[in-house]
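I am attaching a structure below and will ask some questions about it afterwards.
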Amino acid sequence: MSAAPPVLAIENVTLAIATEHGSAAILDCADLAIAHGEIHGLVGESGCGKSTLLKAILGILPANAHVSGGRILLAGHDVLQLDEAALGRLRGGTIGFIPQDPFLSFNPLFTIGTQLLEILRWHAPAGLGTAHADHRARLVEILHAVQIADPEQALRRYPHEFSGGQRQRLMIAGALLCKPQLIVADEPTSALDVTTQQQILTALRRLAREFEVAVLFVTHDFGIVAELCDRVTVMYAGQTVETGPVGLLIEAPLHPYTRLLIACHPDRNGAEGGIPGTVPPPLAMPSGCRFHPRCPQAEPRCTAALPKARATDGRSVRCVLYGPSERAEAGLAR
């Protein structure tokens, strides 16, 4: 029996954004795949293209963005080829979204019930019907699942009457309402204190299993990845450099960037430190592997071309240390 196709497959997406100073190369052959029911982490420093990749998945790229290659398959649909009407049906239904800041995610002028019921009005899952009573019953059921006390009363309250942790639970409820296949979570715990963060992570993992939904969890914290995720993809300057099972990748990272990024975590490094240099600006990206200006193991061939993704030891890695570059392979083919 063949394995089921991934719920999300990003294949070699290359994307630039036009600016008054020239074309900003944001993504370069980015790839990622998430299986049904999997919690997949996306990790990298600020400026590595994580947010742009999320916008591409959600179909909310700016008008000046240009995709020159690749595709994003979500539940069998290429998001990059869909019109706005089709994207509207996909968002909220097939894909749910948990934003970063729970304090800015709700309109302060309307009750929680009014705002969450609006999601069901436009994206009610098949079989639920269109009656207001059915929608309200579904919402109360989900609020119970995310552990909001007294859901019936909660629907009549305004956003300011909830704590940050409660608001994030409400955002998770909104993402789950329409029975999505995938939830995209954009650093949803970064605005919360550590105790509340732990509670939200525990709840998210339980709910992902209970509702059998895949999750793409974007973060810069390997500690969160180790606790929450099944697999992880490491991104640097718009290039995906390593993907694999969380435990294997953290304990035995292959790519030099992955090793340095993990070494920066307080649990791994008691002394203050970091990765020398900075992420290159989009208007001045280096050729080949974009990490080579900061890489302690860089070789001259690192500048020639981006290496192919190599399957090794149960994961995938893009590095010349694990295979010849694409340009070298082309030369051998000739």
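In nm, to one decimal, how far is the modelled label at Ala298 from the one at Leu109, with both set 7 Å along Cα→Cβ?
5.2
Given charges of +1 on the Cβ of Lys and Arg and -1 on the Cβ of Asp and Glu, with all other atoms neutral, how large is the dipole of segment 110-179 about its Cα centre, in debye to the nearest 20?
120
Follow-up question, since we're still on this one. For Thr111, Thr278, which order do you get if you count the other beta carbons within 10 Å of each Cβ and list the fewest first?
Fewest-to-most Cβ neighbours within 10 Å comes out as Thr278, Thr111.
To continue, here is another question. For helix 194-210, report the angle its Cα long axis makes with the longest principal axis of the Cα atoms of the chain; keep it between 0 and 90° and round to the nearest 10°.
Between the helix axis and the principal axis of the chain, the angle is about 80 degrees.
In degrees from 0 to 90, rounded to the nearest 10, what is the angle of the helix 112-123 Cα long axis to the longest principal axis of the chain?
The angle comes out at about 70 degrees.
Could I ask something else about it? Looking at segment 202-288, which trypsin sites (Lys or Arg not before Pro) are in a loop (DSSP not H, G, I, E or B) and have at most 15 other Cβ atoms within 10 Å?
Here the trypsin sites (Lys or Arg not before Pro) that fit, given the DSSP loop and packing criteria, are Arg268.
Quick one: the Cα spread of segment 110-179 along its three principal axes, in angstroms, biggest first?
The Cα atoms of segment 110-179 stretch 33, 19, 18 Å along the principal axes, largest first.
Just the projected area, averaged over all directions, of the convex hull on the alpha carbon atoms of the chain: how many nm²?
19.8
What relative contact order, as a whole-number percentage, does the chain give when Cα pairs under 8 Å and 6 or more residues apart are counted?
It comes to 21 percent, rounded to a whole number.
Here's a follow-up. In nm, to one decimal, how far is the Ala126 label point from the Arg259 one, both placed 7 Å along Cα→Cβ?
Rounded to a tenth, the inter-label distance reads 5.0 nm.
Here is a further query. Can you give the longest stretch of the chain with no exposed loop site, where a site means GluC sites (Glu not before Pro) in a DSSP loop (not H, G, I, E or B) with at most 14 other C-beta atoms within 10 Å?
Numbers: sites that count: Glu20, Glu212, Glu272.
With a cap of 14 other Cβ atoms within 10 Å, the longest stretch comes to 21-211.
Would you mind ranking His135, His265 so that the residue whose beta carbon has the fewest other beta carbons within 10 Å leads the list?
His265, His135
Multiply the residue gap between Glu141 and Ser163 by 0.36 nm, knock off their C-alpha separation, and tell me the result in nm, one decimal place.
5.9 nm
If contacts are Cα pairs under 8 angstrom and at least 6 residues apart, what is the relative contact order of segment 61-191 in percent?
Details: 153 pairs, mean separation 51.6, N = 131.
The value is 39 percent.
To the nearest 10 degrees, how steep is helix 132-145 against the longest Cα principal axis of the chain, on a 0 to 90 scale?
The angle comes out at about 60 degrees.
All of the numbers you see were taken from the coordinates with simple rules; none came from a lab. Source: prediction; values computed, not measured. Note: ideal-geometry Cβ built from the backbone for every residue, glycine included; neighbour counts use all protein chains shown.
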